[in-house]
Amino acid sequence: MAAQRGEGDEVVTSPATTTPEPAADVRERARAIPEAAVARLAVYLRVLSGLGDQGVTTISSEELAGAAGVNSAKLRKDLSYIGSYGTRGVGYDVEVLVGHIERILGLTRKHSVAVVGIGNLGHALANYGGFGSRGFPVAALFDIDDDLTGVPVGGIPVHHIDDIVTVCTEREISIGVIATPPQAAQAVCDRLVSAGVQCILNFAPVVLQVPDNVEVRKVDLAVEMQILSFHVARRADEAAGDVVNGVGVDGVVIRP
């Protein structure tokens, strides 16, 4: 199944005709990608993987951009960070483009995940099957509650947080997920770092202090909802005709 082509598209050739890029070149290319573009590449990968599962073999930039929620010019700019392949005017080979994005995102090797804090959120994360299918298998679970020790969640027994360093080291955990109360998050983070974990996804509403070689991504659902609330309020003001010269009903200056 092939998708329509758009003007300016490039063909990403098949694996049989593509010479693998040296790992050093891939790392150098990755360092030049803006963080916002990295986030969009992850979205493109999700869309492309779904298309591949449906039997789609090629896709135009317009169709991929539409499915990812961006304009085609931005998509082509983002894909230029991973290199240009083939000739213009035909479209992108889905399978090969998936492979290139996976290499840039470091997904050609498995990243074992540990979840710390097996409350409601931790349970949900531990039971989510989508992590493993995308190369992020949950390999260890931890909690401070002695009653949870040894209890399987998602098929994995829970360890006490005192065992974080030992278990994470043995299982070569590369990503730690913190789903604890805020007052416990920093101590948990310190243990993960001591175990050699260099990537942390933090759901606790607190800023973590980490060494320069450790990457932290913070997920604050309350903040995201507050941002959504702002956009809802702004649209309501505009719909009601209450925005005059850029000033809302509460005297707040609103800019696009």
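The values are calculated or read from the model by the stated rules, or taken from the named source; none is laboratory data. Computed from a prediction, not measured in an experiment: that's the story for all the values here. For neighbour counting, all protein chains shown are included, and Cβ atoms are generated from backbone atoms with ideal geometry for every residue, glycine included. Areas reflect the complete protein model, heavy atoms only, side chains present, ligands, DNA and RNA absent. Shrake-Rupley method; radii C 1.70, N 1.55, O 1.52, S 1.80 Å.
Just to be sure I understand, how many residues within region 128-151 are touching a helix residue (DSSP H, G or I) at 6+ places or on another chain (Cβ under 6 Å) and assigned to a loop (DSSP other than H, G, I, E, B)?
Number of matching residues: 1.
Given the condition farther than 29 Å from Ile200 by Cβ, crowded, with 16+ Cβ neighbours inside 10 Å and free of Cβ contacts under 8 Å to residues at least 40 places away in the same chain, answer yes or no: does some residue in region 82-93 qualify?
No.
For region 115-136, which positions are open to solvent by 40 Å² or more (accessible area, probe 1.4 Å) and touching a Phe, Trp or Tyr at 6+ places or on another chain (Cβ under 9 Å)?
Hit for region 115-136 is Leu121, nothing else.
Of the residues Glu62, Glu102, which is out of contact with any Cys (no Cβ under 9 Å at 6 or more places or on another chain), closer than 23 Å to Arg217 by Cβ and not aromatic (Phe, Trp, Tyr)?
Working: Glu62 fails: closer than 23 Å to Arg217 by Cβ.
Glu102 is the lone residue from the list that is out of contact with any Cys (no Cβ under 9 Å at 6 or more places or on another chain), closer than 23 Å to Arg217 by Cβ and not aromatic (Phe, Trp, Tyr).
Picking from Arg46, Arg103, which residue would you name as being open to solvent by 50 Å² or more (accessible area, probe 1.4 Å) and more than 30 Å from Val153 (Cβ to Cβ)?
Arg103
Check Lys110, Lys77 and return the single one that is assigned to a helix (DSSP H, G or I) and exposed (fewer than 15 other Cβ atoms within 10 Å of the Cβ).
Criteria check complete, one pass: Lys77.
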